[in-house]
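The values are calculated or read from the model by the stated rules, or taken from the named source; none is laboratory data. Just so you know, these numbers come straight off a predicted model, no measurement behind them. Here Cβ is always computed from backbone atoms with ideal geometry, including for glycine, and neighbour counts include all displayed protein chains.
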Amino acid sequence: MRDCGAAGGIDAIDAIDGSALEALDTAAALQLCRWLRAAGLEPRELALRDFDPRHERILRQVSEATDALASSLRGPPAAPLAQLGAAAHALGEMLLGHLSFLGLVVVELGRALVSPRRLRMRELVTQVSRVCISAVPVVALVTALIGLVFAYLLGLQAEQYGANIFVVDGVALGMTREFSPLIVATIVAGRSGASFAAQLGTMRLNEETDAIRVLGLSVAQVLVIPRVLALVISLPLLVFVGDLAGLAGAALIADTMLDITPSTFVARLHEALAPRHAIIGLAKAPVFALLIAVIGCRMGMTGARDTRTIGIHTTATVVQAIVGVIVIDALFAVVLQEMGL
């Protein structure tokens with residue numbers, strides 16, 4: 001087909017010449033309408049010249065149908081209450097999906113415990129290396145800086161009252177019980193959670209998961225369980241590294257600013273830090289790990305088969321995992337407070 005106003009550019013097009021058109025069906029008419037709209041033209045506003053009456057009728061009908069469909073999809077703006085209800089419904093569906101996937105993971109973990117030969121040890125070791133060992137430098141750096149800043153801010157206040165030594169108490173309690181588990185879980189959510197979603201989403205896009213099913217293997221056992229176990233194993237270790245790095249950063253600022261020598265810092269740490277605080281911080285780690293792994297794996301396994309959605313699901317994984325970690329940490333604080341811990 002030739003457009004009558006091509007000489008003047010897109011803005012000059014006001015008609016379509018159909019004299020050379022031999023055949024036209026609804027699929028071709030739909031594609032033509034899409035091309036025209038992509039070029040900023042509306043099919044209904046263009047004149048149809050030298051068209052066969054049948055072809056003109058098909059093109060007009062398809063153009064009208066697509067216009068009506070677009071109008072119905074846009075619809076009137078929803079009321080605020082309706083928008084709130086839709087958001088609540090979407091949140092409920094998301095939570096239900098995560099709980100369903102968690103149930104699948106628990107079942108597959110039970111099968112792996114009953115029959116250990118189901119567990120892919122090579123994949124598990126590979127994932128532990130990626131999740132844990134390669135994350136140690138960034139975890140140590142971030143938590144050391146957090147401990148340093150925390151001790152600095154506490155020291156500014158404590159110096160006014162001559163209570164420098166109590167900085168050790170605050171840093172020890174805050175780092176081991178709250179800051180280290182929370183910061184490390186956030187780092188892992190952004191690092192490993194996003195990685196799980198992107199890896200599994202790409203494998204699904206390339207139909208590798210379909211190939212695993214064709215071989216008669218369980219996708220959950222091959223891909224999901226090793227990642228979940230790797231994260232559950234690795235996160236407590238990373239939290240422990242974060243505890244040590246945070247306290248080391250605090251000891252550095254205490255020595256340089258507060259005249260608390262390393263030996264005095266360690267002695268006070270031994271007096272002030274009850275073992276239960278460190279244990280509580282480490283106990284949070286497997287719960288955070290399970291949450292991050294379930295969200296990351298589910299978002300990767302259930303994403304649509306296109307690259308755009310992989311990016312969307314990867315971003316959603318990080319957001320949902322971080323929010324989930326903060327919510328669970330708050331629940332831990334309330335429950336432990338009620339238990340007197």
Answer with yes or no whether ALA144 is surrounded by fewer than 18 Cβ atoms within 10 Å (Cβ to Cβ), assigned to a helix (DSSP H, G or I), among the small types (Gly, Ala, Ser) and over 21 Å from the mean Cα position of the chain (by Cα).
no
Among residues of the stretch 293-324, those that are assigned to a helix (DSSP H, G or I) and either among the aliphatic types (A, V, I, L, M) or over 18 Å from ILE225 (Cα atoms) (or both), counted:
22
Which residue out of LEU341, LEU269 is touching a helix residue (DSSP H, G or I) at 6+ places or on another chain (Cβ under 8 Å) and surrounded by 15 or more Cβ atoms within 10 Å (Cβ to Cβ)?
LEU269
Expected single match for modelled with pLDDT under 85, more than 17 Å from THR176 (Cβ to Cβ) and surrounded by fewer than 17 Cβ atoms within 10 Å (Cβ to Cβ) among THR307, THR315 is THR307
So, ALA230, is that one in a helix (DSSP H, G or I) and within 17 Å of VAL105 (Cα to Cα) or not?
yes
Hey, can you tell me all the residues within the stretch 295-341 that are under 14 Å from PHE196 (Cα atoms) and among the hydroxyl-bearing types (Ser, Thr, Tyr)?
THR302, THR314, THR315, THR317
Residues LEU331, LEU235: which one is assigned to a helix (DSSP H, G or I) and buried (at least 16 other Cβ atoms within 10 Å of the Cβ)?
LEU235
For VAL171, are the conditions met, namely being among the hydrophobic types (A, V, I, L, M, F, W, C) and over 22 Å from PHE288 (Cβ atoms)?
no
